[in-house]
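Everything on this sheet refers to the single structure shown next.
Values quoted throughout were computed directly from the atomic coordinates according to the rules given, and no laboratory measurement underlies them. Quick caveat, the model's predicted, so the values are computed rather than measured. Cβ atoms come from the backbone with ideal geometry, glycine included; neighbour counts cover every protein chain shown.
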Number of protein chains: 2
Amino acid sequence: MVPHLITALTGPINELEARILDSMPAIERWFRLEWMEHTPPFYCSVDLRNAGFKLAPVDTNLFPGGFNNLTPEMLPLAVQAAMAAIEKICPEAKNLLLIPESAHSRNTFYLSSVQRLMRIFTQAGLNVRLGTLDDTVKAPTPVALPDGSELVLEPLLRIRGRLGLKDFDPCTILLNNDLSRGVPRALQHLHEQYLLPPLHAGWGVRRMSRHFQSYEEVAKKFAKLLGMDPWLINPMFGQCGDADPTDAAGLDCVQTNVDALLTKVRRKYKEYGINEKPFVVVKAESGRDALGPVTVRDAKDLGDAYARARSRMAPPASDAGEAGGSAASEATQVIIQEGVPTYERVNDAVAEPVVTMIDRYVVGGYYRVHAERGVDENLNAPGARYVPLAFAGSHHLPRPGEKPGVNAPNRFYMYGVIGRLAMLAASYELEATDPDAEVYE
Amino acid sequence: MVPHLITALTGPINELEARILDSMPAIERWFRLEWMEHTPPFYCSVDLRNAGFKLAPVDTNLFPGGFNNLTPEMLPLAVQAAMAAIEKICPEAKNLLLIPESAHSRNTFYLSSVQRLMRIFTQAGLNVRLGTLDDTVKAPTPVALPDGSELVLEPLLRIRGRLGLKDFDPCTILLNNDLSRGVPRALQHLHEQYLLPPLHAGWGVRRMSRHFQSYEEVAKKFAKLLGMDPWLINPMFGQCGDADPTDAAGLDCVQTNVDALLTKVRRKYKEYGINEKPFVVVKAESGRDALGPVTVRDAKDLGDAYARARSRMAPPASDAGEAGGSAASEATQVIIQEGVPTYERVNDAVAEPVVTMIDRYVVGGYYRVHAERGVDENLNAPGARYVPLAFAGSHHLPRPGEKPGVNAPNRFYMYGVIGRLAMLAASYELEATDPDAEVYE
């Protein structure tokens with residue numbers, strides 16, 4: 001099912017789709033060669049925005065949730081990809097300790113995703129148990145799920161250099177916790193066990209601008225391969241270093257950047273004859289902060305926009321069905337990113353596709369749908385509904401030769417390609433921020 | 001869909017299924033460790049026989065056909081597995097030359113399988129073209145398929161050390177031709193290109209008994225892991241060296257072996273309280289010969305059985321929808337194998353499951369159904385129909401805790417495990433027969 005695409009049925013996105021389909025063997029080979037040089041993140045999900053005139057990632061989550069949104073048909077692909085991932089990293093692994101978000105330990109949507117993840121790795125051949133970083137959990141604690149089943153959260157047990165549970169000594173620890181509050185002591189100095197993803201994939205270390213800088217590099221390479229303008233898949237951005245937009249000097253820097261970026265976007269819109277008012281999104285460098293992304297169409301509205309955002313400050317988006325970040329870290333550094341409207345619709349509600357990957361493989365995807373938000377707003381917010389996207393049986397099976405924009409497998413193949421570009425950018429990013437990088441060189 | 005299982009719903013097969021499900025993580029880990037030491041064949045298919053009291057492979061095809069029998073839902077798994085296979089062997093590959101069976105160049109069932117295979121590898125990111133060993137094909141020759149599409153067979157072009165087509169220089173050559181007539185000159189001494197599978201996987205070199213000797217080794221290891229009798233998954237066998245069963249001395253040796261094997265099988269039947277008359281199957285060491293496998297219940301019937309087989313000698317089985325071997329090689333060496341009846345039924349017709357694998361992954365399976373054959377006969381014969389088995393969405397997703405014998409995903413998971421054991425045996429076998437083995441040691 002492709003949701004009704006209002007503007008996407010005509011215009012540049014269809015040229016992009018056609019070009020991507022025509023270049024499929026070259027694209028797949030290009031990815032193969034990139035993965036010879038770079039290690040994919042263990043798993044990830046990428047939020048895309050399809051504006052009809054451009055298609056770009058806006059967020060790359062290295063601790064993905066939403067596995068419960070994948071359709072059952074997608075699961076065998078996920079299991080097979082998990083087998084490939086485990087086999088490369090720790091083939092001898094027997095026990096896998098999964099550490100979920102602590103903040104969502106009562107959020108049954110999130111826990112359903114955790115359950116799905118456990119199932120995937122169990123079927124890939126591991127004994128999987130759940131350890132929580134929440135130190136109020138002192139004994140194995142069952143948590144009921146909506147389908148009547150339950151999960152058991154167990155307290156972590158750190159014994160010298162190893163982390164485990166009572167009677168459970170895993171050789172591999174899988175984090176599904178974005179570490180936005182920094183790295184807890186229980187996870188530090190675990191040199192005897194595989195920790196996946198590595199600690200520097202946490203939002204305590206990651207910076208949005210570093211990711212999108214890597215993405216720009218990837219997008220340029222890819223655009224060269226296809227002979228196209230990288231802007232069609234790349235959201236431009238600016239940043240202000242340490243400036244805090246909540247104080248006057250910081251706000252001033254952000255406004256200057258907003259202005260400059262809007263000018264650049266306007267120029268691009270003119271070049272492509274796009275009759276829309278450009279906007280930018282100001283968001284926290286360190287993943288999600290409590291305020292959430294702020295949409296601005298004019299630099300001088302920034303103060304007001306912040307005030308509005310503050311007034312509707314609400315529980316974290318993850319309540320709505322996904323593993324979001326933890327709330328309110330202290331960091332207020334921001335990235336100013338070109339706003340990419342999303343013109344996909346599911347039953348008239350604004351929708352954006354989310355692509356889910358394990359190892360280098362797209363294992364599925366779904367639509368994030370928000371009935372109460374506009375085309376220029378962040379949809380990862382309370383009230384979002386999730387529509388599983390029938391992605392699995394199809395993103396591997398594009399049909400060259402069909403008219404662009406009308407064929408679901410072709411559209412999903414394109415989404416999978418852009419999702420993988422963002423995953424590759426995350427790989428570049430993690431290499432650049434790896435504290436142990438010199439060891440390997 | 002699980003076909004109606006006449007005896008399989010009770011008895012040892014369900015204990016086996018339960019044991020395999022309970023041991024799933026240990027089994028998957030065991031395979032992971034085996035694949036660290038051994039390289040899986042590039043692709044393969046395994047014919048299984050489910051007797052209710054035992055489940056065993058009876059043929060392992062290293063040049064599998066029947067890809068057209070896989071359901072569309074299975075294709076994404078095949079594409080993902082093909083990506084993994086290519087990435088490991090020749091990530092830089094751009095062009096893939098596929099060489100199909102020449103004998104079946106007018107068999108549209110077989111050609112539909114070839115077309116499916118081309119589609120899988122195209123979607124894994126390769127430019128795929130077909131080169132034929134049939135030297136009556138002097139120019140690109142379109143062949144029409146039942147669905148209205150067509151394939152183009154092109155003459156091979158050997159230029160010094162490289163094999164290709166006109167304007168097509170592949171770095172990888174994929175054989176879907178079992179080389180039962182030996183290795184054609186066009187394929188010899190190709191040191192600059194990847195040839196998959198290697199030449200010694202052809203039936204000119206392979207011997208059934210060598211394969212089943214490797215399988216016995218694998219089955220014993222696996223049975224030890226699960227704490228069970230390897231006989232439950234292993235068909236016993238004997239052989240006569242170079243003896244030719246069509247002359248008197250040869251027949252005598254085969255009869256002695258038939259006798260000895262029947263005695264061993266009878267002992268096993270007694271041990272398990274199986275009230276059936278055992279039988280053995282005499283078949284060509286070098287894959288399929290024109291006579292086809294011969295079923296015998298008493299050594300003294302062997303002569304008659306041969307006469308009957310000769311009288312119904314018929315066009316090769318592959319006409320019926322699969323890539324069978326080429327007909328009538330000269331070799332008459334035989335293997336005497338324990339007969340494993342198949343008690344699976346599809347609409348009252350005798351059925352046997354076929355498991356298809358690419359790289360180390362089960363990508364699907366289907367039932368071979370033959371309305372005119374008995375439970376003790378070879379079904380890979382004219383008149384066979386093929387029922388695609390809804391295997392994909394399920395063999396990765398067994399459901400522990402369900403009653404054995406009634407749950408399709410659990411049954412298919414078990415089939416996938418036994419199929420992979422036979423694939424592992426083929427890997428052992430290819431290592432043992434590798435003419436270049438010393439290079440790697």
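For the reader, a short list of remarks on this structure follows.
- Calculated FRET value between A:E192 and B:K88, using beta carbons and R₀ = 35 Å, to 0.05: 0.80
- Restricting the stretch A:26-100 to GluC sites (Glu not before Pro) in coil, as DSSP defines it, with at most 12 other Cβ within 10 Å: A:E92
- Antiparallel DSSP beta bridges within the stretch B:14-153, percent to nearest 5: 65
- Ranked packing of A:210-221, A:239-250, B:117-128, most packed first, by mean Cβ within 10 Å: B:117-128, A:210-221, A:239-250
- Karplus 3J(HN,Hα) series, Hz, for the stretch A:145-152 with 6.51 cos²θ - 1.76 cosθ + 1.60 (x for Gly, Pro): 10, x, 7, x, 7, 9, 10, 10
- Long-range HN-HN contacts of A:R49 with modeled amide H, under 5 Å: A:A56, A:V58
- With its label point defined 7 Å out from Cα along the Cα-to-Cβ axis, A:A144 lies at 6.5 nm from the matching points of the other copies, in increasing order.
- Estimated vicinal HN-Hα couplings, Hz - the stretch A:84-94 in sequence order (Karplus 6.51, -1.76, 1.60; Gly, Pro = x): 5, 5, 5, 4, 6, 8, 8, x, 7, 4, 10
- Prolate is the label for the stretch A:10-99, because a/c, from the alpha-carbon gyration tensor with a ≥ b ≥ c as root eigenvalues, is 1.5 or above and a/b exceeds b/c.
- 30 Å Cα-Cα threshold exceeded, pairs from A:K220/A:K270; A:K54/B:K88; B:K54/B:K300; A:K138/B:K221; B:K221/B:K300; A:K94/B:K270: A:K54/B:K88; A:K138/B:K221; B:K221/B:K300; A:K94/B:K270
- Antiparallel content of DSSP bridges confined to the stretch A:84-153, in %, to 5: 45
- Scanning residues 5 or more positions from B:G364 or on other chains, those with amide H under 5 Å from its amide H are B:T356, with H placed 1.01 Å from N in the peptide plane.
- Cα gyration tensor, the stretch A:63-191 - rounded (a/c under 1.5), prolate or oblate: oblate
- Within the stretch B:83-236, DSSP assigns beta bridges of which about 35% are antiparallel (rounded to the nearest 5).
- Remark: the stretch B:61-207 carries a charge dipole of roughly 400 debye about the Cα centre, counting +1 on each Lys and Arg Cβ and -1 on each Asp and Glu Cβ.
- Cut-off 12 Å between beta-carbons: net charge of the residues surrounding A:L77, Lys and Arg +1, Asp and Glu -1: -3
- Copies compared at B:T246 - label distances in nm, ascending, label defined 7 Å from Cα in the Cβ direction: 9.1
- The Cα-based radius of gyration and maximum Cα-Cα distance (Dmax) for the stretch B:142-193 are 13.3, 38 Å.
- Label-point distances for B:D436 to the equivalent site in the other copies, using a point 7 angstrom along Cα→C-beta, read 3.5 nm when ranked shortest first.
- Over all orientations, the stretch B:149-236 has a Cα convex hull whose mean projected area works out to 9.3 square nanometres.
- Karplus (6.51, -1.76, 1.60) ³J(HN,Hα), θ = phi - 60°, over the stretch B:254-264, in Hz, Gly and Pro reported as x: 5, 4, 4, 5, 4, 4, 4, 5, 4, 5, 4
- Cα gyration tensor shape for the stretch A:114-174, rounded if a/c is under 1.5, else prolate or oblate: oblate
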